[in-house]
Amino acid sequence: MKRLIRKRGDAPIELLLLRPVHDLALRRLERDFSLLKAYEAPDAAAFLKAVAQRVRGIAAGAHSMIDKGMIDQLPRIEIIANFGAGCDSIDLTAARQRGIPVTNTPDVLTDDVADLAIALLIGTVRQLPAADRYLRRGGWARNGPYRLTTSCTGRTAGILGLGRIGLAIAARLAPMSVAVHYHNRRPIKDCPFPYHASPTALADAVDFLIVSCPGGAATERLVGSDVLSALGPDGYLINVARGSVVDEVALVDALTHHRIRGAGLDVFGNEPDVPAALIDRDHVFLLPHVGSATTQAREAMANLMVDNLVAHFSGRPLLTPVV
C-alpha cells in the first residue's frame, strides 16, 4: 500500500465523501488527504455548494449517486474512485466528457460473489431456507420429513453476463456437472460455452438463469415477463447482479402463477426495501445484498479504491480505470 508523497508546502488534496466508506479506506484517506464529508453535514446540498471549488476527487462509497449535475458543480475534480465493481450510480458519460477518470474495484470481489451465486443456486433449488424454517418451527417432529426437492447435478445453467464474475460462476458449475450457456451483448471469441443471441433465447435453453451482468440503463428490466416465461415452470432465476436488471413486478407475477419454479435473489430494485410479495415464499431465497460482504473482499476493495486515488495524485497509471 503506497502512500501519497506531497512536496513540502503543498496544500492538502481535498476529497469529497458523499457516503461513509469502509473503515480501512477511511484510515488511509485521512492519512493522505483532507476529507470533505458531505454525509456529516445537516444539509448535504448546501455543503457541496460551499466546498465545490475545493474538491479535487471523490472517494465514492458504495452506491454513491454521482450524476451530471454533481459533476458539473465541481470545476476542479480530477478523479472519481468507486468502491465496487459496478459503476451504474455514476454518470460515466458526463465524466468522460469532462475527461475525468473513473476507477472501480473489480476482481478482488469476484470469488466471493461467485461463491454466493452457487450458494443461492443450491439453496434455492433444494429449498434450504424453507427446510431450515420447517425444522425450527417443529414441522419435522410434528409432520415428518420435509418434501422432496430437485437436483442441480446434470442440469443446464444460463449465465446472463459472462464477465469476470460470470466466468468464475461457470468454473464453479463444472464440478457440479452443470452445463453452461451464456448471453452477452456479443459472443466471446473462443469461448467454450454455447452462445444465445438474446436473454429470452438463453432462458428457453436452460434450467437455471443466473444474472451477473452490469446494472444501469442498458440492462434495466432486461429480465422481464418474456424471459421468465421462456425460463418456464421448472426454471429458476438467480440474481447476484443488480436488482434493476430484473422486472420485480413480472417476477412476482411469475412466482405467484408458477410460471417459474423458484428464485434466489441477493439484490433488489429499491434496496433495502424488498417487495412483500417475495417474503415468506418457500420457493424464494432472499439475501440482503451480501455478495461481496466478506472481510477479505471489503478490505481488498477499500485498498484498491484508495490505491487508485494515490496513483492518480502521484502521477502514476491508474490500477483499474473504467473511463
Residue satisfying all of: in region 298-310; of a type in the set (A, V, I, L, M) and either in the same structural domain as residue 268 (by TED's automatic domain parsing) or buried (at least 20 other Cβ atoms within 10 Å of the Cβ) (or both); farthest from residue 5 (Cα to Cα) among these: 301
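So in region 312-323, with the set limited to residues that are surrounded by fewer than 22 Cβ atoms within 10 Å (Cβ to Cβ) and touching a residue at least 60 places away in the same chain (Cβ under 8 Å), which one is nearest to residue 55 (Cα to Cα)?
Result: 313.
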Filtering region 211-225 for residues that are part of a helix (DSSP H, G or I) and β-branched (Val, Ile, Thr) leaves a count of 1
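Are any residues in region 41-57 over 15 Å from residue 77 (Cβ atoms) and surrounded by fewer than 16 Cβ atoms within 10 Å (Cβ to Cβ), and if so, which ones?
Kept after step one, since they are over 15 Å from residue 77 (Cβ atoms), are these residues of region 41-57: 41-47, 50.
Matches in region 41-57: 41, 42, 43, 44, 45, 46, 50.
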Take region 266-315 and flag every residue that is assigned to a loop (DSSP other than H, G, I, E, B) and of a type in the set (Val, Ile, Thr). 267, 274, 279, 290, 294
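Please verify whether residue 71 is closer than 23 Å to residue 39 by Cα and part of a helix (DSSP H, G or I), treating the condition exactly as stated. Quick ask: steps written out before the conclusion?
Numbers: closer than 23 Å to residue 39 by Cα: yes; part of a helix (DSSP H, G or I): yes.
Here the answer is yes, as residue 71 does meet what is asked.
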Please state which of the following conditions residue 290 fails to meet, knowing it meets all the rest: (1) buried (at least 18 other Cβ atoms within 10 Å of the Cβ); (2) within 21 Å of residue 87 (Cα to Cα); (3) among the β-branched types (Val, Ile, Thr). (1)
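Per-residue answers, yes or no, for (1) surrounded by fewer than 24 Cβ atoms within 10 Å (Cβ to Cβ); (2) at pLDDT below 95; (3) out of contact with any Gly (no Cβ under 8 Å at 6 or more places or on another chain):
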position: 236; (1), (2), (3): no, no, no
position: 241; (1), (2), (3): no, no, no
position: 247; (1), (2), (3): yes, no, no
position: 253; (1), (2), (3): yes, no, yes
Tell me, yes or no, whether region 40-61 has at least one residue that is on the phi > 0 side of the Ramachandran plot and not basic (Lys, Arg). no
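The values are calculated or read from the model by the stated rules, or taken from the named source; none is laboratory data. Predicted, not measured: the structure shown is a model, and the values here were computed from it. Positions of Cβ are generated from backbone atoms using ideal geometry, with glycine treated the same way; all protein chains shown enter the neighbour counts.
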